[in-house]
Amino acid sequence: MRKNNKFTVVGLVLAMSLLVGCNEQTAGSSDEPTKANKTYKWKMVTTWPANFPIFQTGAERFAKDVKIMSNGRLDINVFAGGELVPPLGVFDAVQQGQVEMGHGGAYYWSGKVPAVQFMSTVPFGMPASGADAWHYAGDGLKLWNENYASFKLKAFPLGNTGAQMGGWFNKKIESTEDLKGLKMRIPGLGGKVLAKAGGNPILMAASELYTALERNTIDATEWVGPYHDLRLGLHRAAKYYYYPGWHEPGTSLELLINQVAWDSLSPDLQKIVEVAAAANNVWMHAEFEARNQEALQEIKEKHTHIEILKFPKEVLAEFKRLTEETLLEEAEKDPAFKKVYENYKAFSEKNAELKAITESIH
Ligand code: CA
């Protein structure tokens, strides 16, 4: 139902923008370009490798939708990570106005804005459906923008990976002892939890993961799930593929917009951006669900040297305990974090209560 509703909204806004377009043509006798008929050429930088499916192709799909819906008035040129700025330089490039837009994950900027990590995902937190509910129908998106206001940035959800895998390891994780000294690529709050467990979390862009794992610069890495992970060749650099993705139960991706650039758009273009982001949020999540189930079969059938293993109960229980400790400690340090934490916690507890009833079919 939720997805259908979004597409209905897309249809309505398309119809509305066509109506606005007609009015402009009727009234458009002036030669002066107004905000309503001005053409914008924008740049968007992403954290993703060139042509990287769903993430990069999804950002490009969003830009194409905006161009079609705006009849070419908002033309966004999309650049992959490293083409204009480094993959993790997206936040700075958008904030400083070097480009108008960016696509990445809010938790990549946790060093600058700790509170926005909740907008990506929270270990043992809500799945994609709950994250969308919080963003669109709860306070999530409002708090997201509240936390970016002082940076003169605006954000929308643009994609969700669904529940992720636990990651690729070259040694078995049989107890919490095996986490000690583990050098692992893992972002956001999950990384903080691993550090508490005695591990050494590292943040790296997708393009660096295979080499780092293959050369033993890191002992383990997570990325997203079967489809993307095969694309990055991680199955050629590690033997054990662990689940569940306790650290990322449903990660929302982020469309970042420079506030001054956003304010320069006419209301219909702003609405087109908002609606195209929502439509592609659904598209990316749907793609992940469909492609991941195919890729899991591929691993089972063609890459039989890979052992797909569940983290032991003891390890998951420790991760959960340390997650609660981490969230409380971070909340103590930062009032903005605390405010978002309390809002997220209240929402997710009710969400879990609902799902325990409505989804208890097994
Ligand atoms: Ca991940």
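The values are calculated or read from the model by the stated rules, or taken from the named source; none is laboratory data. Since the structure is predicted, the reported quantities are computational estimates derived from the model, not experimental observations. Neighbour counts run over all protein chains shown; Cβ positions are idealised from the backbone, glycine included. All accessible areas refer to the heavy atoms of the entire protein, side chains included, with ligands and DNA or RNA removed. Shrake-Rupley method; radii C 1.70, N 1.55, O 1.52, S 1.80 Å.
Annotations for the structure displayed:
- Within the stretch 171-197, considering residues that are within 18 Å of residue 109 (Cα to Cα) and of a type in the set (Val, Ile, Thr), the one nearest to the ligand (Cβ to nearest atom): 186
- Residue in the stretch 128-143 that is touching a His at 6+ places or on another chain (Cβ under 6 Å) and open to solvent by 10 Å² or more (accessible area, probe 1.4 Å) present: yes
- So residue 200, is it more than 16 Å from the ligand (Cβ to nearest atom) and either at pLDDT below 95 or under 18 Å from the mean Cα position of the chain (by Cα) (or both): no
- Qualifying positions in the stretch 147-170 - open to solvent by 20 Å² or more (accessible area, probe 1.4 Å) and either within 16 Å of the ligand (Cβ to nearest atom) or within 16 Å of the chain's Cα centre (by Cα) (or both): 154, 163, 165
- Identification of strands (runs of 3 or more DSSP E) wholly contained in the stretch 40-104 with 3 or more residues that are out of contact with any Phe, Trp or Tyr (no Cβ under 9 Å at 6 or more places or on another chain) and farther than 18 Å from residue 207 by Cα yields 40-46.
- The conditions of being in the same structural domain as residue 228 (by TED's automatic domain parsing), in a helix (DSSP H, G or I) and either farther than 22 Å from residue 251 by Cβ or among the aliphatic types (A, V, I, L, M) (or both) are not met by residue 309.
- Only residues that are open to solvent by less than 10 Å² (accessible area, probe 1.4 Å) and touching a helix residue (DSSP H, G or I) at 6+ places or on another chain (Cβ under 6 Å) were counted across the stretch 86-105, and they come to 6.
- Criterion violated by residue 211 - all others in (1) free of Cβ contacts under 8 Å to residues at least 12 places away in the same chain; (2) open to solvent by less than 50 Å² (accessible area, probe 1.4 Å); (3) not aromatic (Phe, Trp, Tyr) satisfied: (2)
- Picking from residues in the stretch 221-243 that are touching a Gly at 6+ places or on another chain (Cβ under 7 Å) and away from the ligand (no atom under 12 Å from the Cβ), the one that is most open to solvent (accessible area, probe 1.4 Å) is 243.
- Taken over the stretch 325-336, the criterion of being within 16 Å of residue 190 (Cβ to Cβ) and either within 22 Å of the chain's Cα centre (by Cα) or open to solvent by less than 20 Å² (accessible area, probe 1.4 Å) (or both) is satisfied by 326, 327, 330.
- Filtered by the rule that a residue be open to solvent by 30 Å² or more (accessible area, probe 1.4 Å) and part of a helix (DSSP H, G or I), the stretch 189-199 gives 192, 195, 196.
- Restricting attention to the stretch 67-82, the residues being within 16 Å of residue 36 (Cβ to Cβ) and surrounded by 20 or more Cβ atoms within 10 Å (Cβ to Cβ) number 4.
- When residues in the stretch 215-272 are screened for being under 18 Å from the mean Cα position of the chain (by Cα) and among the aromatic types (Phe, Trp, Tyr), 3 of them pass.
- Single condition residue 248 does not satisfy, out of (1) outside any helix (DSSP H, G or I); (2) open to solvent by less than 10 Å² (accessible area, probe 1.4 Å); (3) in contact with a strand residue (DSSP E or B) (Cβ under 8 Å, 6 or more places away or on another chain); (4) within 16 Å of the ligand (Cβ to nearest atom): (3)
- Taking the stretch 110-173 as the region of interest, the helices (runs of 4 or more DSSP H) fully inside it that hold 1 or more residues being in contact with a Ser or Thr (Cβ under 8 Å, 6 or more places away or on another chain) are 117-120, 128-132.
- All positions within the stretch 284-341 that are acidic (Asp, Glu) and either without any contact (Cβ under 8 Å) to a residue 24 or more places away in the chain or over 14 Å from residue 165 (Cα atoms) (or both): 287, 294, 298, 301, 314, 318, 324, 325, 329, 330, 332, 334
- For the stretch 337-362, filtered to residues that are of a type in the set (Asp, Glu) and within 22 Å of residue 139 (Cα to Cα), the residue that is most open to solvent (accessible area, probe 1.4 Å) is 353.
- Matching option when the condition is open to solvent by 20 Å² or more (accessible area, probe 1.4 Å) and either under 23 Å from residue 228 (Cβ atoms) or outside the structural domain of residue 256 (by TED's automatic domain parsing) (or both), among 173, 202, 186: 202
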